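The values are calculated or read from the model by the stated rules, or taken from the named source; none is laboratory data. Quick caveat, the model's predicted, so the values are computed rather than measured. For neighbour counting, all protein chains shown are included, and Cβ atoms are generated from backbone atoms with ideal geometry for every residue, glycine included.
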Amino acid sequence: MEYIEVLDQDDLKNDNHKVVKLKDREIILYKTGNNITAIGNKCLHKGGPLSEGKIEKKYDGIYITCPWHGWEYNLITGKAPPGYDEQQVVFDTILKNGKICISDQPIKFPFKSQHKVNPLQDLVDLKYETTSTSLNILGISTTNMNKLLPRKSTSDSALTEALDYAKDKYQANTVLIKISDLEFRNCEGYYSRSEMACTWPCSISEMDSNDGMNSIYRKMILWADIVLVSTPIRWGNASSLYYKMIERLNCVQNQITLNNKILVKNKVASFIITGGQDNIQNVAGQMMMFFSELGFALPPYSFMGWSRGWTAEDMEHNIKQFTKSRYIKRSIRDLIDNDIKLLHQIKTDPCININSTQPKISDAPTKVNY
Ligand code: FES
């Protein structure tokens, strides 16, 4: 085995680490006492830069934590913590004439264990369930009411009525998901560390295959032809649960940015927005923009709204007037009719290749010489 000089011995202080290059590979040198170890800098998960992670004593040794999603490696042995099989690549080191030298071949090769059954395999493989004739409508209710004190929600009931109408008139397959029934973690903002750290399937889903967002990913991305989202208006915006959900959909949009891969094609979205006071158009504008950015097509007149105006503080009359409203009944049907008309047009001539006008990573300032 050959040894290659990589660093002056004096440049690596005790209990410190440095990254050096060995051919095309980045290696972390770590010194503790008289011992200098060398392990790969590229995380086995998604390639995060280990050297930027936290180093601490834990479990059975000294570990470095990947800053992207938290995988850990023993800095001396390169092994994952007890109970895990992953092995980071490890090189031998020697000191020669005041220089730190690394073996040109690994003494331990990288190993990433493969789960026999990946619970997210359908999402990885994008096993779409839509067909040229399917009519699958997903209703997503984002209202957030106390389940122990159930009461009528205008956005919920309009959504239920819309799904019933689609079932009765068009024999649509319908599924209703209430976000408030799902337990899921907030988007933890891995994208802000590196665009590559925001993955499909979402890294949170990988960490927890029971995360409630997984049913949204499956139904919205794989199953639905039409997605109908309902929200109440809260302080002039959509509900907090709506935002919690769409932040977790960043990983869908990010596939366009990173890989020019559009996950949502030939699908329609529309919206139900209800509130005691106004701001329907602003909420609609935000929802339309977001779903359009994911790749959904919007029909003409893609939302129905309900509000009674700025001075309508008499909320005890809201439900009664909503229930009696002819506009509600008519507009719910118009919305579904418009969705289905557009879906038929799309299915007649579906997009196989579709272009996204969104910026891709290859357009980023550091990748392009302006
Ligand atoms: S934990 Fe390192 S890249 Fe995900």
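In the set 56, 26, only one residue is outside the structural domain of residue 195 (by TED's automatic domain parsing), farther than 28 Å from residue 201 by Cα and under 30 Å from the mean Cα position of the chain (by Cα); that residue is 56.
Of the residues making up segment 25-47, those that are aliphatic (A, V, I, L, M) and within 16 Å of the ligand (Cβ to nearest atom) number 3. Of all residues in segment 186-233, those satisfying the criterion of being within 11 Å of the chain's Cα centre (by Cα), within 16 Å of the ligand (Cβ to nearest atom) and in a loop (DSSP other than H, G, I, E, B) are 187, 188, 189, 198, 199, 200, 201, 202.
Residue-by-condition table, conditions (1) touching a Pro at 6+ places or on another chain (Cβ under 9 Å); (2) closer than 30 Å to residue 134 by Cβ; (3) not small (Gly, Ala, Ser):
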| position | (1), (2), (3) |
| --- | --- |
| 263 | no, yes, yes |
| 273 | yes, yes, yes |
| 288 | no, yes, yes |
| 295 | no, yes, no |
| 301 | no, yes, yes |
| 314 | no, no, yes |
| 317 | no, no, yes |
| 328 | no, yes, yes |
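The single condition among (1) polar (S, T, N, Q); (2) in the same structural domain as residue 212 (by TED's automatic domain parsing); (3) in a strand (DSSP E or B) that residue 130 does not meet is (3).
Looking at segment 1-41, the strands (runs of 3 or more DSSP E) lying wholly inside it that each contain 3 or more residues that are surrounded by 13 or more Cβ atoms within 10 Å (Cβ to Cβ) and among the charged types (D, E, K, R) sit at 25-32. For residue 78, are the conditions met, namely being on the phi > 0 side of the Ramachandran plot, within 30 Å of the chain's Cα centre (by Cα) and either among the hydroxyl-bearing types (Ser, Thr, Tyr) or surrounded by 15 or more Cβ atoms within 10 Å (Cβ to Cβ) (or both)? Against the criterion (on the phi > 0 side of the Ramachandran plot, within 30 Å of the chain's Cα centre (by Cα) and either among the hydroxyl-bearing types (Ser, Thr, Tyr) or surrounded by 15 or more Cβ atoms within 10 Å (Cβ to Cβ) (or both)), residue 78 qualifies. Within segment 128-177, the set of residues being small (Gly, Ala, Ser) and touching a helix residue (DSSP H, G or I) at 6+ places or on another chain (Cβ under 7 Å) comprises 132, 139, 141, 158, 162, 166, 172.
Keeping to segment 42-68, report how many residues are free of Cβ contacts under 8 Å to residues at least 40 places away in the same chain, buried (at least 18 other Cβ atoms within 10 Å of the Cβ) and among the aromatic types (Phe, Trp, Tyr). Residues that pass the stated criteria total 1.
Restricting attention to segment 81-93, the residues being exposed (fewer than 13 other Cβ atoms within 10 Å of the Cβ) and not acidic (Asp, Glu) number 3.
Within segment 48-68, does at least one residue satisfy the condition of being within 10 Å of the ligand (Cβ to nearest atom) and of a type in the set (Val, Ile, Thr)? Checking segment 48-68: at least one residue is within 10 Å of the ligand (Cβ to nearest atom) and of a type in the set (Val, Ile, Thr). State whether the residues of segment 204-226 include one that is closer than 26 Å to residue 323 by Cβ and in contact with a Lys or Arg (Cβ under 9 Å, 6 or more places away or on another chain). Among the residues of segment 204-226, at least one is closer than 26 Å to residue 323 by Cβ and in contact with a Lys or Arg (Cβ under 9 Å, 6 or more places away or on another chain), which makes the answer yes. Filter segment 69-80 down to residues that are among the hydrophobic types (A, V, I, L, M, F, W, C) and touching a residue at least 40 places away in the same chain (Cβ under 8 Å) and give me whichever is nearest to the ligand (Cβ to nearest atom). In this case the residue turns out to be 75. Take residue 181 and tell me if it is in contact with a Lys or Arg (Cβ under 9 Å, 6 or more places away or on another chain) and either assigned by TED's automatic domain parsing to the domain that holds residue 336 or without any contact (Cβ under 8 Å) to a residue 60 or more places away in the chain (or both). When the stated conditions are applied, residue 181 passes them.
Restricting segment 137-155 to residues that are hydroxyl-bearing (Ser, Thr, Tyr) and assigned to a loop (DSSP other than H, G, I, E, B), the residue that is farthest from residue 275 (Cα to Cα) is 142.
Criterion applied to 157, 132, 153 was being small (Gly, Ala, Ser) and surrounded by fewer than 17 Cβ atoms within 10 Å (Cβ to Cβ), and the one residue passing it is 132.
Residue 256 meets all of the listed conditions (1) modelled with pLDDT under 95; (2) within 16 Å of the chain's Cα centre (by Cα); (3) not in a helix (DSSP H, G or I) but one, namely (3). Scanning segment 100-117 turns up at least one residue that is more than 16 Å from the ligand (Cβ to nearest atom), of a type in the set (Phe, Trp, Tyr) and surrounded by fewer than 13 Cβ atoms within 10 Å (Cβ to Cβ).
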